[in-house]
Amino acid sequence: MAERSHKIKIKKPKIAVFSSKSWVLNSFTKVNDDFNFEVAYHESRLYEKTAPLAKGYDAVCVFVSDIVNAQALDILKKENVKLVALRCAGFNNVDIEKAQELGIGVVRVPAYSPYAVAEHTLGLILSLNRKLHRAYLRVRDSNFALDGLMGFDIHNKNIGVIGTGKIGQVFINLMKGFGCDILAYDKYPNEEVKKQGVKYVELQELYAKSDIISLHCPLTYETYHLINEYAISAMKDNVMIINTSRGALIDTQAVIDGLKSGKVGYLGLDVYEEEEELFFENLSDTIIQDDQFVRLQMFPNVLITAHQAFFTSEAIHNIARTTFENIEEYIKTGKCKNEIRPQKR
Ligand code: NAD
C-alpha cells in the first residue's frame, strides 16, 4: 500500500467540489463560515477527463454521478490529492481498492437524514397508489373524471423491505403507522428491529407475499440486479416495486418486461441504473438517447423522480457539515471515523 501523504502539514485544506449546483454552493458556503477552507466549485462531474481540475487541491468532494474509477484516481494521485470526500452515503461510484492502493483516503456521509429518504419513499407509494401525479394533470385540464384513478387501502397490506439499516428502519415505522405487516430481508438481520416485532424472512418468501417491495440496501456486487426476471417472476401479480436506493439494484429490461406483462403493477423510482447520463441536469431541450428510460417514462403506472429523495433542507445542511468535518479530521489526523475501507469478498 502506498505511504499516505497526509503527514505533510497542511494549514487550511483546499477542496475542489465537483458536480456543484447552486444548492451545493449555497449550503457549503454557509457551513464554510465555521471552517474557512479554500473551496473551488466545479459544475462538471469528476471523471477521468476533469480530474486534472483538482490540481493544487488536497481533497475532492464528489456526489453520486461522479466517476471516481481507477483512471480518475491515478490522475488525482498525480495531482497530489489526498482525499476523496463523498457528500453522500453510497460509494459504489468509487474504486475503493484502487484508492487504498494509491494511499488516497475515501470518506462519506453515512447518515444525514434517513427521514428524508424514507418519507420520499412513502410519497412515491402514495402517489402511485392514488395516482396523484395523473390526477394533478387531469384537474389542471378540467378533467374531473375518476376513471382509472382507483387505488387500494394501504392498511393491512404486506410490505417487503430489503435492507433494514437507517433508512429501512424509518420506512418500516412509517408503514407500521399505516397498519401494514412488514416482511424484512437483510444480509445482517438487526436484533433491535426484531425486538420491534419485525419478521425477517428469506427473499423468496418476501417476494411471494409482499404487495409492496421497497429497496433500502446498498449497491454491491451481491445486490447488482437483485430485482431481475427471476425475482419478478416470484412476486405477487400487480406488485408495487419502489427503489430509492441505487438504480442498478433493478435490471431495467426485466422490470420493463414485468410492466408490459402486467406482473408489475406499479413502479416508483428515485434512482435509475444509467442515471449518470441524465439526472441533475435540465435536458428538456435535448433528445433523450436512453431508450429504456424513455420506455419507462411512457408507462402510466411508473413514477420517476430524479434522485431527490435526500433533498430536504435538514439533509443538505447535515451533508455539508459532515463533509467539512470529515475533511478536517482526515487532513489533520490521517484518519476519519467515516472513512471507507475495501470490503472483504
Ligand atoms: P445503511 O447502511 O444504514 O443500511 C443498509 C442496510 O442494507 C444494512 O442493514 C445492511 O446490512 C443491508 N445490506 C447490506 N448488504 C445487503 C444485501 N446483500 N442484501 C440485503 N441487505 C443488505 O444505509 P442507509 O442509510 O439505510 O441507506 C440505504 C441506501 O439508500 C444506501 O446504500 C444508498 O444507496 C441509498 N440512499 C439513497 C438516497 C437517495 O437520495 N435516493 C439517499 C441516501 C441513501
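Which value, in Å to one decimal place, does the Kirkwood hydrodynamic radius take for the chain when every pair of different Cα atoms is included?
21.5 Å
Enter the accessible area per residue of the range 114-304 (Å², integer; probe 1.4 Å; all protein chains in place). Intermediate results must be reported in sequence, preceding the final value.
Values: 9650 Å² over 191 residues.
Result: 51 Å² per residue.
Which links in Lys131/Lys209; Lys78/Lys335; Lys14/Lys82 stretch past 19 Å when you go from one Cα to the other?
Over 19 Å Cα-Cα: Lys131/Lys209; Lys78/Lys335.
Any chance you could tell me what percent of the C-alpha pair distances in the range 33-144 go past 23 Å?
Of all Cα-Cα pairs in the range 33-144, 46 percent lie more than 23 Å apart.
Work out how much length Asn92 to Gln292 would gain on full extension: take 0.36 nm times their residue separation and subtract the Cα-Cα distance, in nm to one decimal. Don't skip to the end; give the middle numbers.
Numbers: separation 200, 0.36 × 200 = 72.00 nm, distance 2.20 nm.
Working it through step by step, the gained length comes to 69.8 nm.
For Ala135 and Gln343, what is the calculated FRET efficiency with R₀ set at 35 Å and r taken between the beta-carbons, to the nearest 0.05? Don't jump to the answer; show the numbers that get you there.
Values: r = 44 Å, r/R0 = 1.26.
For Ala135 and Gln343, the calculated efficiency is 0.20.
For a 24 Å ceiling on Cα separation, which of these pairs sit above it: Lys166/Lys194; Lys77/Lys166; Lys195/Lys236; Lys12/Lys49; Lys49/Lys166; Lys55/Lys332? Please list the in-between numbers first.
Values: Lys166/Lys194 14 Å; Lys77/Lys166 33 Å; Lys195/Lys236 28 Å; Lys12/Lys49 27 Å; Lys49/Lys166 35 Å; Lys55/Lys332 20 Å.
Long pairs (Cα-Cα over 24 Å): Lys77/Lys166; Lys195/Lys236; Lys12/Lys49; Lys49/Lys166.
Quick one: Debye curve from the C-alpha atoms of the range 114-304, no solvent, what's log10 I(q)/I(0) at q = 0.11, 0.15, 0.19 Å⁻¹?
Result of the Debye calculation: -0.49, -0.91, -1.41.
From the phi angles alone, apply the Karplus equation (6.51, -1.76, 1.60; θ = phi - 60°) to the range 62-71 and give each ³J(HN,Hα) in whole Hz, x where the residue is Gly or Pro.
My calculation for the range 62-71 gives 10, 10, 5, 8, 6, 10, 9, 8, 4, 5 Hz in order.
Rank these residues by their accessible area, most exposed first, probe 1.4 Å: Ser27, Ser22.
Ser22, Ser27
Give the distance, in whole Å, between the Cα centre of the range 19-37 and the Cα centre of the range 112-158.
The range 19-37 and the range 112-158 have Cα centres separated by 34 Å.
Please give the calculated 222 nm ellipticity per residue for the chain, where each DSSP H segment of at least 4 residues contributes -39500 (n - 2.57) and the sum is spread over every residue; nearest 500 deg cm²/dmol?
-10500 deg cm²/dmol
For Ala70 and Leu203 in one chain, what is 0.36 nm times their gap in residues minus the Cα-Cα distance, to one decimal in nm?
Details: separation 133, 0.36 × 133 = 47.88 nm, distance 3.38 nm.
Working it through step by step, the gained length comes to 44.5 nm.
I'd like the distance between the alpha-carbon centres of the range 172-194 and the range 213-251, rounded to an integer number of Å.
17 Å
The values are calculated or read from the model by the stated rules, or taken from the named source; none is laboratory data. Just so it is clear, the structure is predicted and the values come from calculations on it, not from any experiment. Cβ sites come from the backbone with ideal geometry, for glycine too, and all protein chains shown count toward neighbours. Accessible surface areas use protein heavy atoms only, side chains included; no ligands, DNA or RNA. Shrake-Rupley method; radii C 1.70, N 1.55, O 1.52, S 1.80 Å.
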